[in-house]
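Each remark here refers to the structure printed beneath this line.
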């Protein structure tokens, strides 16, 4: 048998078809019918393969660099996340601490307000006056003494039973007027009609009555010094 009879063009195409059918289950595909492609030599194939491998190496190195950069960015993000979380926790703890301090200060301020509210002071004073009735009368006399212009030291002497000599001016709280005194003696006495009541006397006279007398004299002096005003003559009347 001659090889030229076997290796004809038609037979070769049938061989490729049957081979492709047999190897199709392995993923092998038949070449294109009538293709102008030519077989390359083995040396050329390996040269091309080497170039492709070098290109692949460069691509792999570039991808590795990109991967490294991405990993570094990811680590940086995690570090920043941890740092931000720590800062947030520190700020949260600081805010909680300040809120507790503010709450404590508000409680202390509220307690101070309660301790110093006027009504509480008044309640305490009312309690003292109920327990010690004489304290109310002594407080009234102390206010009177202060109102007429006496100092705390003089008031203390009066409550100790001493007689105090005063010079200068004494002010009447009732008449809102000052009156001169010279070598006047002030002293506290118990009221004969009511032993629980105290009287402040000036030269043996109740100072309230003394102020009334002095104010009466003052008014009388003012009236005396005021001259009546003569009305002008009416028009058309002769002299």
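The values are calculated or read from the model by the stated rules, or taken from the named source; none is laboratory data. Keep in mind that what you see is a predicted model, and the values were worked out from it rather than measured. Glycine gets a Cβ as well: all are built from the backbone with ideal geometry, and neighbour counts include every protein chain shown.
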request  = Report yes if residue 120 is at pLDDT below 70, part of a helix (DSSP H, G or I) and more than 30 Å from residue 190 (Cα to Cα), otherwise no.
outcome  = yes
inquiry  = Looking at the structure I just gave you, is residue 220 out of contact with any helix residue (DSSP H, G or I) (no Cβ under 8 Å at 6 or more places or on another chain), in the same structural domain as residue 139 (by TED's automatic domain parsing) and modelled with pLDDT under 90?
reply    = yes
task = Restricting attention to region 143-196, report how many residues are in a loop (DSSP other than H, G, I, E, B), touching a residue at least 24 places away in the same chain (Cβ under 8 Å) and under 17 Å from residue 213 (Cβ atoms).
result = 4
